[in-house]
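See below for the structure under consideration.
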Amino acid sequence: MNNSQKDKILAFLEHGNSITSFAAFELMGITRISALIHALKKEGYPIVREDIETVNRFGKKTVIGRWKMDDTASEQQPLQAPLSFTTTEAAA
């Protein structure tokens with residue numbers, strides 16, 4: 001890893017943490033976490049967003065996103081044993 005913003009987010013999530021836009025800015029100075037999450041998902045990382053209802057500083061209800069690694073991703077796709085052929089089977 002070259003310590004880019006994307007690498008920092010990936011390492012943070014791979015350690016079992018979840019993160020919001022505010023936390024990304026506060027902890028790492030990252031202002032566009034959604035773009036980084038999009039890039040990581042495009043690379044195949046199983047990142048999911050959870051919507052959290054909260055109240056903003058003006059007292060109004062709002063929804064924010066919190067990203068984390070999808071714990072069920074490995075459960076959803078069962079591992080398959082690789083096929084193996086002996087020389088006689090392959091020739092048949």
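Figures for the structure shown
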| item | result |
| --- | --- |
| 20 Å cut-off, amide nitrogen to a point 7 angstrom out along D71 Cα→Cβ, residues in the range 1-45 | 10-20, 45 |
| If the convex hull is drawn through the Cα atoms of the range 5-73, its volume per residue in Å³ | 87 |
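Read the figures in this text as sums done on the coordinates, not as results from a lab. Keep in mind the model is a prediction, meaning the values are calculated, not measured. As a convention, Cβ positions derive from the backbone with ideal geometry for all residues, glycine included, and neighbour counts pool all protein chains shown.
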